[in-house]
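What follows is calculated from the coordinates using simple rules that are stated; it is not laboratory data. None of these values were measured; they are calculated from a predicted model. Neighbour counts are summed over all protein chains in view; Cβ atoms, including those assigned to glycine, are modelled from backbone coordinates with ideal geometry.
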Amino acid sequence: MTKRVIILGGEGNGGVIASAIVDMNKKGNSDFELVGYLNDFEKKGGLIHGFPVLGALKDIHEFANKDNCFIWAVHMIGQGEKRRKLFYELQIPEDKLVTIVHPSSFVAYNVDLGPGVFIMANSYIGPGTKIAKGTLVMANCVVGHNDNIGELCHLSAGCNVSSYVTIGKASDIGLGASVLEKKKIGDYSVVGANSLLTKDIENRVIYIGTPAKLYKEIEKI
C-alpha cells in the first residue's frame, strides 16, 4: 500500500528526501507518494521544489489521519538540542513516522532502523548497526557494523563512520568527516566537515581538523 508522505521541513534536507521519493517513483517504486511540506518559513499554498506547502509545523495534527505519514527534515547544524526540543514539542505520533531507504543503498539484513529514519542513495549500513528514530543518513555515507546511532542525528554526505561507534542524540557528522572505530560521541555534538575523529568526545562540543580537536563548546538551551 502506498504511503502518503508529508515532509516536516523545507528546501534543504526536505528537498533531498523529496528527490529520493521522486526518483523511486520514476523507477517504478510506488511505496511512497509525496504529498507536500509543513514548513514555518514558506506560506501555505506556496511551493517547495514543485510540491505544495500545506501549512506550518504546528499544523501537523490536522494531517495526522490514517492516510498520511511524516518524515522529519528539520536540521540546524550545531543546534541538536534545539531541533530535538522542537521535534518533541510537535508530539508526532511515532506510528506516523515513515522510514525511507533509497534502493541504491545497501542496508544489511540485521540492521535496526527506527521510525522516521532516512537513508539516501549509495550509502552503506553494516550489519548489527542500530539507527534510532528521525536520523538522516545522506548520500554516499559509510556506516560500519555494530554501530549505535542515536535519534535525530544527521550524517552528512560522504561521511565515514567506522565500526562499534556510539553516537548520542541529535549529533552531526559533517561532510566527508571520518570517525574511527570504537569511538563515542556525546549528545548534541558536531564533528566538522572533512575532520578525522580519533578519540571520544563529550556532549555539546564541536570538534574539527585532522585529527579533530575541540573547536568550541555548545551552550545548553
Note to self: Running a GNM on the chain with Cα contacts under 10 Å, which residue among L86, L34, L155 ends up with the highest mean-square fluctuation?
What the structure shows: L86
Next item on the list: Sequence neighbours fewer than 8 away in the same chain don't count; with that in mind, list the lysines whose C-alpha is under 25 Å from K82.
Entry: K43, K44, K58, K96, K130, K133, K169, K183, K184, K213, K216, K220
Next item on the list: Just need the relative contact order of the stretch 100-214 here, percent rounded to a whole number, with Cα pairs under 8 Å and 6+ apart.
Entry: 15 percent
Checklist line | Ranked list, fewest to most other Cβ atoms within 10 Å of each Cβ, for M76, M138 | finding: M76, M138
Check: Considering the chain as a Gaussian network with a 10 Å cut-off on Cα pairs, which listed residue, G209, G144, G116, attains the greatest mean-square fluctuation?
Finding: G209
Next item on the list: Rounded to the nearest 10 degrees, what's the angle between the helix 80-89 long axis and the longest principal axis of the chain, both from Cα atoms, 0 to 90?
Entry: 30 degrees
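Percent antiparallel among DSSP beta bridges with both residues in the chain, to the nearest 5? List each step's numbers first, then the result.
Details: 6 of 51 bridges.
Percentage antiparallel, nearest 5: 10.
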Next item on the list: Find the centroid of the Cα atoms in the stretch 71-103 and in the stretch 25-65, then give the distance between the two in whole Å.
Entry: 15 Å
Check: Of all the stretches in the chain, which is the longest one without any exposed loop site, taking trypsin sites (Lys or Arg not before Pro) in a DSSP loop (any state but H, G, I, E, B) with at most 16 other Cβ atoms within 10 Å?
Finding: 67-181
Next item on the list: Choose one answer from A193, A18, A64: the residue with the largest mean-square fluctuation in a GNM of the chain with alpha-carbon springs under 10 Å.
Entry: A64
Next item on the list: Using only alpha carbon pairs under 8 Å that are at least six residues apart, calculate the relative contact order of the chain and give it in whole percent.
Entry: 12 percent
